[in-house]
Every structure is written in C-alpha cells, then in structure tokens.
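The values are calculated or read from the model by the stated rules, or taken from the named source; none is laboratory data. The model shown is predicted, which means the values in this text are computed figures rather than measured ones. Here the Cβ is made from the backbone with ideal geometry for all residues, glycine too, and neighbour counts use every protein chain on show.
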Amino acid sequence: MLWVNRIVGAAIIVAAFLLWELAAEFPADARQFPRVTLVAIALLSAIMIARSFISAVAPIGDGEGTRSLAAIIRPIAVFVLVVLAVIAMHFIGFFPAMAALALCLMPLLQVKYRISYGLACLSLFLFIYVLFVAFLNVPLTTSQLLSF
C-alpha cells in the first residue's frame with residue numbers, strides 16, 4: 001500500500017497548488033487562512049511521500065503493504081463516515097454532525113479510553129468554535145431541519 005501513499009500524497013500536493021490559485025480570488029485578509037492551511041497540508045503530504053521511500057520509517061501497521069480488501073476497509077469506512085458527516089452538517093448543524101461522527105468512529109478506531117476520547121473531541125469542538133466564530137468571524141453551520 002506504499003504506492004497508494006505516494007499517489008495520494010502527490011494528488012494532494014497538486015490539488016494544493018490548484019486551490020492556492022483559487023484562494024487568490026479572496027480578499028487579502030481572507031486568503032491567508034486557506035493558504036496557510038494548504039501549505040501545511042502540502043508539507044504533510046510531502047512527508048508522507050518521503051516516508052514511503054525510507055524503509056526504516058515506512059508505515060507497516062494495519063495491513064500496510066498488503067494487497068487485500070481487508071487492509072483498506074477501515075480507511076474507506078472512515079472516509080465514507082466523514083463525507084456523510086459533512087453532508088449532515090447542512091441538515092442538523094456542525095456540532096450534532098461532528099458529535100455523531102465522533103460516536104461512529106469510536107468502534108471503527110477501536111477506542112479504548114472513552115473518557116479521554118470524549119474530552120479530546122470536546123476540546124477539538126471548542127477549539128474549532130473559538131477559532132472560526134470568535135477569531136475569524138466565520139459562522140458554523142446550523143440546523144436547517146429546525147429552522148422555520
């Protein structure tokens with residue numbers, strides 16, 4: 001599966017370059033956040049690609065390196081759950097959708113320390129709220145089902 005890491009990493013870097021140009025259309029202050037995020041994502045992708053070529057640090061857990069369906073079921077399931085959570089945000093709002101995602105990921109990620117996991121999720125939700133709503137003045141999605 002190391003070839004998948006290389007292909008996905010390269011695709012993410014190409015997408016980051018394309019999205020960089022798209023961010024140029026934003027006002028001066030608004031374009032900084034997506035660009036900084038794109039740089040971080042591209043750097044992490046470059047690290048993923050580099051690690052796949054160094055055998056001493058190449059990922060070997062969770063079926064890495066095998067060509068079986070069982071090795072990719074979990075990542076695909078996580079991807080599907082995240083996509084469903086993003087779609088659900090439009091209907092039920094950010095916090096309920098992310099709480100549902102966190103609960104659905106618990107068995108998939110085989111969480112052993114549920115209290116720590118819950119506290120980490122709550123801390124992440126609080127951080128996202130403070131960052132976007134308080135500092136960036138970007139409202140989080142609210143429920144469309146309950147709005148009259």
Of Tyr113, Tyr129, Tyr117, the only residue that is hydroxyl-bearing (Ser, Thr, Tyr) and over 19 Å from the mean Cα position of the chain (by Cα) is Tyr113
Answer yes or no as to whether Ala100 is farther than 30 Å from Arg31 by Cβ, surrounded by 12 or more Cβ atoms within 10 Å (Cβ to Cβ) and among the aliphatic types (A, V, I, L, M).
yes
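Conditions tested, residue by residue: (1) more than 21 Å from Phe33 (Cα to Cα); (2) part of a loop (DSSP other than H, G, I, E, B); (3) touching a Phe, Trp or Tyr at 6+ places or on another chain (Cβ under 8 Å).
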| residue | (1), (2), (3) |
| --- | --- |
| Ala88 | yes, no, no |
| Phe95 | yes, no, yes |
| Leu105 | yes, no, no |
| Ser116 | yes, no, no |
| Leu122 | yes, no, no |
| Phe127 | no, no, no |
| Ala134 | no, no, no |
| Thr142 | yes, yes, yes |
Mind counting the residues in the range 27-43 that are surrounded by 15 or more Cβ atoms within 10 Å (Cβ to Cβ) and of a type in the set (Gly, Ala, Ser)?
1
Please indicate, with yes or no, whether at least one residue in the range 105-116 is in contact (Cβ under 8 Å) with a residue 12 or more places away in the chain, more than 24 Å from Trp3 (Cα to Cα) and either of a type outside the set (A, V, I, L, M) or assigned by TED's automatic domain parsing to the domain that holds Trp3 (or both).
no
Any chance the range 82-104 includes a residue that's farther than 20 Å from Leu140 by Cβ and modelled with pLDDT under 90?
no
Please go through the range 115-136 and give me each residue that is closer than 23 Å to Ile92 by Cβ and of a type outside the set (A, V, I, L, M), ordered by number.
Tyr117, Gly118, Cys121, Ser123, Phe125, Phe127, Tyr129, Phe132
Only one of (1) at pLDDT 85 or above; (2) loosely packed, with under 11 Cβ neighbours inside 10 Å; (3) aliphatic (A, V, I, L, M); (4) within 19 Å of the chain's Cα centre (by Cα) is not met by Ile13, so which one is it?
(2)
